[in-house]
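Report on one structure; see the data block that follows.
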Amino acid sequence: DCTVVACLVASITTICHAQVETFLPMHVGDSWTYVGEDGAPRVFSIVAERAIDGRSYYEFDDFFSPCGFPGWSDEAMSYLFRHDQVSDVLLQYDPATSSEVARYDFSGESWGPLGNQLVDRGVAYSGPAGDFSDSVRFAYGMFVDCGVFHETLAPGVGPVEFFSSWEGEYRLQSYYVAPEPEMHLYLLSMLAIVYCRHKGLKYRIGQDARV
């Protein structure tokens, strides 16, 4: 029954879409505007895609930097991130050491090397940019002398809130994130059709598919 196949295709598509891509989609041209407690805007933009040691990174012109992370002591530096889909981690490149640190680890199994951990899932967050359900929250707890840091990320958006005891709270005001291409859905649909033909089954494309 190709209705079953279609359901499996949808399930596989959902499962295989890594959380790291869901909670921080990245494309050149994406931008996020935040407002701090002083009312001043702070804009993050992805300005380029760069290759370093054979790996592709997205370059932000600004980003939040909890204590100990690249950029904490050098606000003029660029911020380089890449998705690691295998481990479901967002990695940040550190030019000072030519190495990577895990910024967001969606396993939530242990504290990261710099005290960062996913501490809550299914968070409902409301702010100037809208209402977001199924958000996640990260906390940073290793460097006590640096203060307290935590942030909330919404699916399909990225960080919607960031708090540090140094700067107070930043809340997302507006954002632009390029839509994800639907090519993976097309390819999976074609795979389902090939399977149906191989099995000698009838198929129909549409939301009301019947065999």
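The values are calculated or read from the model by the stated rules, or taken from the named source; none is laboratory data. Note that this is a predicted model, so its numbers are computed, not measured. All Cβ positions, glycine included, derive from the backbone under ideal geometry; neighbour counts span all protein chains shown. Note: accessible area is taken over every heavy atom of the protein model, side chains too, but ligands, DNA and RNA are not part of it. Shrake-Rupley method; radii C 1.70, N 1.55, O 1.52, S 1.80 Å.
Looking for whichever is modelled with pLDDT of 85 or more, among the polar types (S, T, N, Q) and crowded, with 18+ Cβ neighbours inside 10 Å here; the options are S99, S126, S135. Which one fits?
On inspection, the qualifying residue turns out to be S135.
For segment 33-66, name all the residues that are in a loop (DSSP other than H, G, I, E, B), open to solvent by less than 50 Å² (accessible area, probe 1.4 Å) and in contact with a strand residue (DSSP E or B) (Cβ under 7 Å, 6 or more places away or on another chain).
G36, D62, F63, F64, P66 - these are the residues of segment 33-66 that are in a loop (DSSP other than H, G, I, E, B), open to solvent by less than 50 Å² (accessible area, probe 1.4 Å) and in contact with a strand residue (DSSP E or B) (Cβ under 7 Å, 6 or more places away or on another chain).
Scan segment 102-123 residue by residue and report those that are aliphatic (A, V, I, L, M) and open to solvent by 50 Å² or more (accessible area, probe 1.4 Å).
Residues of segment 102-123 aliphatic (A, V, I, L, M): 102, 114, 118-119, 123.
If the condition is that a residue be aliphatic (A, V, I, L, M) and open to solvent by 50 Å² or more (accessible area, probe 1.4 Å), then V119 is the only one that fits.
Just give me the residues in segment 8-32 being modelled with pLDDT under 80 and open to solvent by less than 80 Å² (accessible area, probe 1.4 Å), in sequence order. Let's see the steps before the verdict.
So in segment 8-32, the residues modelled with pLDDT under 80 come out as 8-20.
Passing the criteria: V9, A10, S11, T13, H17, A18, Q19, V20.
Answer with yes or no whether E180 is at pLDDT below 95, more than 20 Å from F23 (Cα to Cα) and surrounded by 13 or more Cβ atoms within 10 Å (Cβ to Cβ). Lay out the reasoning, then the answer.
On the way: at pLDDT below 95: yes; more than 20 Å from F23 (Cα to Cα): no; surrounded by 13 or more Cβ atoms within 10 Å (Cβ to Cβ): yes.
The answer is no for E180.
Residue-wise test of (1) at pLDDT 95 or above; (2) open to solvent by 70 Å² or more (accessible area, probe 1.4 Å); (3) assigned to a strand (DSSP E or B).
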{"residue": "A139", "(1), (2), (3)": "no, no, yes"}
{"residue": "W166", "(1), (2), (3)": "no, yes, no"}
{"residue": "L191", "(1), (2), (3)": "no, yes, no"}
{"residue": "C196", "(1), (2), (3)": "no, no, no"}
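Hey, among the residues in segment 141-164 that are outside any strand (DSSP E or B) and modelled with pLDDT of 85 or more, which one's least open to solvent (accessible area, probe 1.4 Å)?
Filtering first and then ranking leaves V157.
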